[in-house]
1. Kindly indicate the residue of the range 88-112 that is modelled with pLDDT under 95 and assigned to a loop (DSSP other than H, G, I, E, B) and also least open to solvent (accessible area, probe 1.4 Å) among those meeting that condition.
2. Do you know which residues across the range 159-175 are within 25 Å of I347 (Cβ to Cβ) and out of contact with any Pro (no Cβ under 7 Å at 6 or more places or on another chain)?
3. Does V299 fit the bill of being within 20 Å of V16 (Cβ to Cβ) and in contact with a strand residue (DSSP E or B) (Cβ under 9 Å, 6 or more places away or on another chain)?
4. Does P368 satisfy the criteria of being touching a strand residue (DSSP E or B) at 6+ places or on another chain (Cβ under 8 Å), open to solvent by 30 Å² or more (accessible area, probe 1.4 Å) and at negative phi?
5. Check whether at least one residue in the range 323-334 is out of contact with any Ser or Thr (no Cβ under 7 Å at 6 or more places or on another chain) and over 21 Å from L245 (Cβ atoms), and report yes or no.
6. Is there any pair with a first residue in the range 335-358 that is farther than 15 Å from R372 by Cα and a second that is assigned to a helix (DSSP H, G or I) and among the hydrophobic types (A, V, I, L, M, F, W, C) whose Cβ atoms are under 6 Å apart and which are 6 or more apart or on different chains, and what are they?
7. Does the range 67-79 contain any residue that is assigned to a strand (DSSP E or B) and more than 23 Å from D160 (Cβ to Cβ)?
8. For the structure I just gave you, tell me whether F318 is over 25 Å from E221 (Cα atoms), crowded, with 22+ Cβ neighbours inside 10 Å and not β-branched (V, I, T).
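The values are calculated or read from the model by the stated rules, or taken from the named source; none is laboratory data. Just so you know, these numbers come straight off a predicted model, no measurement behind them. Using ideal geometry, Cβ is built from the backbone for each residue, glycine included, and neighbour counts are taken over all protein chains shown. Side chains are part of the model used for accessible areas, which takes the heavy atoms of the whole protein and leaves out ligands, DNA and RNA. Shrake-Rupley method; radii C 1.70, N 1.55, O 1.52, S 1.80 Å.
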Amino acid sequence: MIGLIINPIAGMGGRVALKGTDGVVKEAVKRGARPIAQDLVRLFLEELSHYEEAVEVRFLTGPGPLGEDVLREFGFEFEVLRHREIGYLEIEGVRIPNTSGEDTKELAKEMVGNVDLLVFAGGDGTARDIIEAVDEKIPILGIPTGVKMYSGVFAYSPEDAARVLVEFLRGNARLEEREVRDIDEDAYRHDDVRARTYGKALVPVVETLVQGSKERIPVDEEGELDAIAEAIAEEILENDGIYFLGSGSTVKRIKDRLGIDGTLLGVDVVEIRDGNVKLLVKDATEKDLLRFADRGPRVIVTVIGGLGFIFGRGNQQFSAEVLRKIPKENITVVATPSKLESGPLRIYTGDREVDEKLRGYIRVRVSPWLERMVRVV
């Protein structure tokens, strides 16, 4: 028996530059956000259905948008824990499930002792709710549908979550204690990162399928990053055009050297003309990037330490629709060598065609004068 809990609003804030969804669902919808969690769970269930082991799986899930609705579209057996009736909110003409973290906690508590593994769809906030309810009484596994997902309890993708579940059923996944980490989303929206560990969870781990926790930049690499940022800023000033400058402290150094008031945790659109810098859009949304995507923009991003992602964690503004319009050769990745030690780089947009276009090898700037070819999976 496998538990399945969906946080139906998880990830809505990503493409609209809200860095999360906690407490800002109405604002997200006003900016054009739509629910995405159920679509990503469909990818999980579709992948799972391809394996012989799928016939062994029975799900215990929540009512309506918390799991029941999606499972009805597939051939799996399932039971529903109807802890309450789920209503809906109408926001700007969009129907949004009226749910909260209390639903997640209640369902998780009822699953303790009744499931062999609890699979949930959400982000770090949902992971916090889960461990508050179950502690380490049952193993858990996250389908990544949130914005940040810094905790070490998530598979790299919904499809990878299905593969981990299959290996768990085969007895090939080892159980490990993994940290659940989260940040203050309100502070995060104001470029203030306040991260902390909220607890640990038992997680079925298969190498290459389950991510680690986000890591901090080693102190001894700070000077090296400053030198890289200085070199790249000089090169940008010598090449006119539109630039999409991604999130993270590494790229923020470049923004600072360009003399713009760019965001630490968002994407900024910059125009260079005759050595002059103009900040066109600060903290851009997906729609903002699409406005400039046909003007041949160059993209500069970094690697999320410990996770290996260049697209798909914390920068969902770079959606499949945006990246489809940008040639791979227009993308520059900046990272110190330590960020490349944990394996290949990763991308996940939910669009297989776009992901495939960007896979293979990509140039990564590792020093002011040196690039390294790194595999992207």
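1. Filtering the range 88-112 down to residues modelled with pLDDT under 95 leaves 88-101.
If we keep only those that are assigned to a loop (DSSP other than H, G, I, E, B) as well, we get 92-93, 98-100.
Values: E92: 127, G93: 64, N98: 73, T99: 27, S100: 61 Å².
This residue is T99.
2. E159, D160, A161, A162, R163, L165, V166, E167
3. Values: within 20 Å of V16 (Cβ to Cβ): yes; in contact with a strand residue (DSSP E or B) (Cβ under 9 Å, 6 or more places away or on another chain): yes.
Against the criterion (within 20 Å of V16 (Cβ to Cβ) and in contact with a strand residue (DSSP E or B) (Cβ under 9 Å, 6 or more places away or on another chain)), V299 qualifies.
4. Numbers: touching a strand residue (DSSP E or B) at 6+ places or on another chain (Cβ under 8 Å): no; open to solvent by 30 Å² or more (accessible area, probe 1.4 Å): yes; at negative phi: yes.
When the stated conditions are applied, P368 does not pass them.
5. Checked against the condition, which is being out of contact with any Ser or Thr (no Cβ under 7 Å at 6 or more places or on another chain) and over 21 Å from L245 (Cβ atoms), the range 323-334 yields no hits at all.
6. Cβ pairs passing all conditions: I347/L358; T349/A320; D351/A320; V354/A320; V354/L323.
7. Within the range 67-79, the first condition is being assigned to a strand (DSSP E or B), and the residues that meet it are 67, 77-79.
Add one more test, that the residue is more than 23 Å from D160 (Cβ to Cβ), and what stays is 77, 79.
Checked the range 67-79: at least one residue is assigned to a strand (DSSP E or B) and more than 23 Å from D160 (Cβ to Cβ).
8. Values: over 25 Å from E221 (Cα atoms): yes; crowded, with 22+ Cβ neighbours inside 10 Å: yes; not β-branched (V, I, T): yes.
Judged against the criteria, F318 is a match.
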